[in-house]
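See below for the structure under consideration.
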Amino acid sequence: MRKKKEQPVIPDVPITDMGAEGKAIARLDGMVVFVPYVVPGDIADIKIIKKKKNYAEGRAVAIKQLSPKRVEPQCPHFGVCGGCRWQNLNYADQLAGKAQQVRDNLERLGHVDCSAMQPICGSERIFHYRNKLEFTFSTRSWQEVPPAEDIPALGFHVPTVFDKVLNIEKCVLQDDLSNRIRLAVRDYANEHGMSYYDILNHTGCLRNLIIRNTDTGQWMVVVIFAQQDEGWQGLMDHLRDTFPQISSLQYIVNTKFNDSYSELPAVTYAGADSIEETMQGFEGAPDLHFSIRPQTFYQTNSAQAQRLYSFVARYAELKPTDTVYDLYTGTGTIALFLAHLCHRVVGIEYVEDSILAARQNALHNQISNVEFHAGDMAKVLTPEFVALHGQPDVVITDPPRAGMHEKVVEQLLAMRPRRIVYVSCNPATQARDLELLATAYRVGRIQPVDMFPHTQHIENIAELILSE
Ligand SMILES: C[S@@+](CC[C@H](N)C(=O)[O-])C[C@H]1O[C@@H](n2cnc3c(N)ncnc32)[C@H](O)[C@@H]1O
């Protein structure tokens with residue numbers, strides 16, 4: 001067999017920009033090279049590991065000069081875990097890089113006029129900002145130098161390795177109580193010889209651990225068992241007795257071959273069956289209260305969600321007589337946030353459970369001018385639906401990463417709402433959709449919002465105004 005040619009190391013390559021997927025960018029003879037774990041301003045020796053037609057992937061084998069933009073990562077697992085790729089870059093530069101990515105995508109892919117782009121809205125909390133973390137138990141710990149014998153682990157999957165888990169000692173994304181709870185679970189399990197789930201052989205007891213908290217100070221812990229071996233109750237008692245902060249302690253039994261637990265019953269072991277998050281109402285409106293159960297979707301950075309929604313409310317410029325459609329409504333949070341500003345809101349979403357939660361959220365907040373419909377957007381949002389539920393004056397759309405189906409875009413163009421507020425977690429697909437909408441809409445303000453500091457993710461809002 002012919003041996004693969006070893007690629008040479010290219011010395012002293014300047015790293016120039018932040019790129020997609022948390023990788024930095026260098027340029028070699030005009031070719032873009034994506035390199036992980038270096039930052040703009042570094043000078044590094046680069047080895048090319050993959051060459052494609054228009055770009056290459058590289059690895060920094062030595063960093064010759066450290067960028068002044070670097071900061072010391074706070075996470076002891078930085079560089080391995082893969083969750084916070086930009087923790088070694090100072091936050092102001094992270095924000096500048098993310099804003100530039102939004103601008104580049106919109107201008108290059110969507111030919112959008114970005115002259116009214118607003119300064120990116122950074123997160124006040126750049127650590128401990130998440131309200132939910134999900135950990136996995138595994139019989140195989142991921143280690144840089146693989147151990148002779150498998151060691152069990154409780155932590156996160158490392159990228160691209162499905163059967164191994166990185167033992168997490170400390171994660172700086174959620175309040176530190178989350179670390180204490182996870183370590184207490186691990187210590188108890190090890191001291192009492194509890195078995196960890198083995199994904200290859202489908203054996204063992206402990207499978208996942210979900211920790212959620214709210215800005216109101218409530219904590220939910222959900223232990224997912226693959227089977228309830230002897231000792232499971234001891235672990236639950238230990239958690240209940242050690243952490244009075246846990247207001248909802250629950251468990252789920254998942255005997256399936258995959259980790260999804262969305263359809264499995266959760267059993268309350270101690271405390272309440274839900275925790276409650278509060279969101280400040282828009283400009284003096286009453287606060288909203290959301291009841292969160294183990295499976296409920298809620299934006300993971302609560303404080304930034306509030307700011308994101310406030311931009312949406314401002315850009316929507318609602319009148320008391322307006323009918324609003326909230327497309328991809330999830331659990332109805334945007335719809336409920338806007339409800340007091342307009343005549344009525346119609347939310348559409350394809351996950352039936354989310355629609356049920358949205359209706360419960362409406363009841364819980366005594367909001368009656370909202371209605372929610374479940375189904376695939378391209379099939380639900382039809383001329384018949386509009387005839388039945390009323391012509392929207394304003395549409396909010398917040399699609400998944402893939403953006404909107406072209407039929408949805410066509411329907412928007414047919415409905416001709418006065419304004420569209422487009423919230424997106426993927427500026428590339430947003431750019432594509434904005435270009436399609438450009439026949440009838442001009443883009444006004446553009447507002448990037450950073451919901452996830454240190455990660456590659458960015459949220460962007462575009463205000464679309466119907467052309468005369
Ligand atoms: C980015 S989330 C929006 C969340 C929501 N607006 C919020 O702020 O919490 C996108 C939502 O679109 C839903 N979704 C994805 N594809 C869909 C489709 N084809 N039809 C309807 N809803 C869809 C997802 O289930 C998810 O709830």
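The values are calculated or read from the model by the stated rules, or taken from the named source; none is laboratory data. Note that the coordinates shown come from a computational prediction; the quantities given were computed from them, not determined experimentally. Here Cβ is always computed from backbone atoms with ideal geometry, including for glycine, and neighbour counts include all displayed protein chains. Protein only, heavy atoms only, side chains kept; ligands, DNA and RNA dropped before computing areas. Shrake-Rupley method; radii C 1.70, N 1.55, O 1.52, S 1.80 Å.
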Considering only residues of segment 324-366 that are out of contact with any strand residue (DSSP E or B) (no Cβ under 9 Å at 6 or more places or on another chain) and farther than 18 Å from R293 by Cα, which is farthest from the ligand (Cβ to nearest atom)?
-> Q366
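Restricting to segment 32-55, what's the tally of residues that are closer than 21 Å to Q456 by Cβ and open to solvent by 50 Å² or more (accessible area, probe 1.4 Å)?
Going residue by residue through segment 32-55, those that are closer than 21 Å to Q456 by Cβ are 32-42, 44, 46, 49-50, 52, 54-55.
If we keep only those that are open to solvent by 50 Å² or more (accessible area, probe 1.4 Å) too, we end up with 37, 49-50, 52, 54-55.
Total satisfying the criteria: 6.
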Take A431 and decide whether it is closer than 30 Å to Q87 by Cβ, in a helix (DSSP H, G or I), away from the ligand (no atom under 15 Å from the Cβ) and at pLDDT 95 or above.
-> yes
Is there a residue in segment 1-13 that is open to solvent by 30 Å² or more (accessible area, probe 1.4 Å) and within 25 Å of N105 (Cβ to Cβ)?
-> no
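Specify which of the listed residues (D163, D176) is open to solvent by 10 Å² or more (accessible area, probe 1.4 Å), at pLDDT 90 or above and among the acidic types (D, E). Steps first, please.
Details: D163 fails: at pLDDT 90 or above.
Among D163, D176, only D176 is open to solvent by 10 Å² or more (accessible area, probe 1.4 Å), at pLDDT 90 or above and among the acidic types (D, E).
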Can you spot a residue in segment 284-306 that is surrounded by 22 or more Cβ atoms within 10 Å (Cβ to Cβ) and more than 20 Å from the chain's Cα centre (by Cα)?
-> yes
Taking only pairs six or more apart or across chains, which ones have beta-carbon atoms under 7 Å, a first residue in segment 223-235 that is assigned to a helix (DSSP H, G or I), and a second residue that is of a type in the set (S, T, Y) and modelled with pLDDT of 95 or more?
-> L235/Y188
A careful count of residues in segment 399-428 that are closer than 22 Å to M451 by Cβ and within 12 Å of the ligand (Cβ to nearest atom) gives 12
Restricting the search to segment 379-398, which residues are open to solvent by less than 20 Å² (accessible area, probe 1.4 Å) and within 11 Å of the ligand (Cβ to nearest atom)?
-> L381, I396, T397
Single match in G41, G19 (criterion: of a type in the set (G, A, S), under 28 Å from I126 (Cβ atoms), modelled with pLDDT of 95 or more and in contact with a helix residue (DSSP H, G or I) (Cβ under 9 Å, 6 or more places away or on another chain)) | G41
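Just need a number here: residues in segment 248-271 that are hydroxyl-bearing (S, T, Y) and either open to solvent by 40 Å² or more (accessible area, probe 1.4 Å) or in contact (Cβ under 8 Å) with a residue 60 or more places away in the chain (or both).
Applying the first criterion (hydroxyl-bearing (S, T, Y)) to segment 248-271 yields 248, 251, 255, 260-262, 268-269.
From the residues that got through so far, the ones that are either open to solvent by 40 Å² or more (accessible area, probe 1.4 Å) or in contact (Cβ under 8 Å) with a residue 60 or more places away in the chain (or both) too are 255, 260, 262, 268-269.
Within segment 248-271, residues that are hydroxyl-bearing (S, T, Y) and either open to solvent by 40 Å² or more (accessible area, probe 1.4 Å) or in contact (Cβ under 8 Å) with a residue 60 or more places away in the chain (or both) number 5.
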Is it the case that segment 228-240 has a residue that's among the polar types (S, T, N, Q) and at pLDDT below 95?
-> yes
Identify all residues within segment 399-408 that are open to solvent by 30 Å² or more (accessible area, probe 1.4 Å) and part of a loop (DSSP other than H, G, I, E, B); write none if there are none.
-> P400, R401, A402, H405
Would you be able to tell me the number of residues in segment 367-377 that are open to solvent by 20 Å² or more (accessible area, probe 1.4 Å), within 15 Å of the ligand (Cβ to nearest atom) and of a type in the set (A, V, I, L, M)?
-> 2
Is it the case that segment 91-100 has a residue that's open to solvent by 40 Å² or more (accessible area, probe 1.4 Å) and not in a helix (DSSP H, G or I)?
-> no
Do the conditions hold for G41, that is, is it free of Cβ contacts under 8 Å to residues at least 12 places away in the same chain and at positive phi?
-> no
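Going by the structure shown, is Q87 touching a residue at least 40 places away in the same chain (Cβ under 8 Å), over 20 Å from the mean Cα position of the chain (by Cα) and in a loop (DSSP other than H, G, I, E, B)? Reasoning before the result, please.
Working: touching a residue at least 40 places away in the same chain (Cβ under 8 Å): yes; over 20 Å from the mean Cα position of the chain (by Cα): no; in a loop (DSSP other than H, G, I, E, B): yes.
Taking the combined requirement at face value, the residue does not satisfy it.
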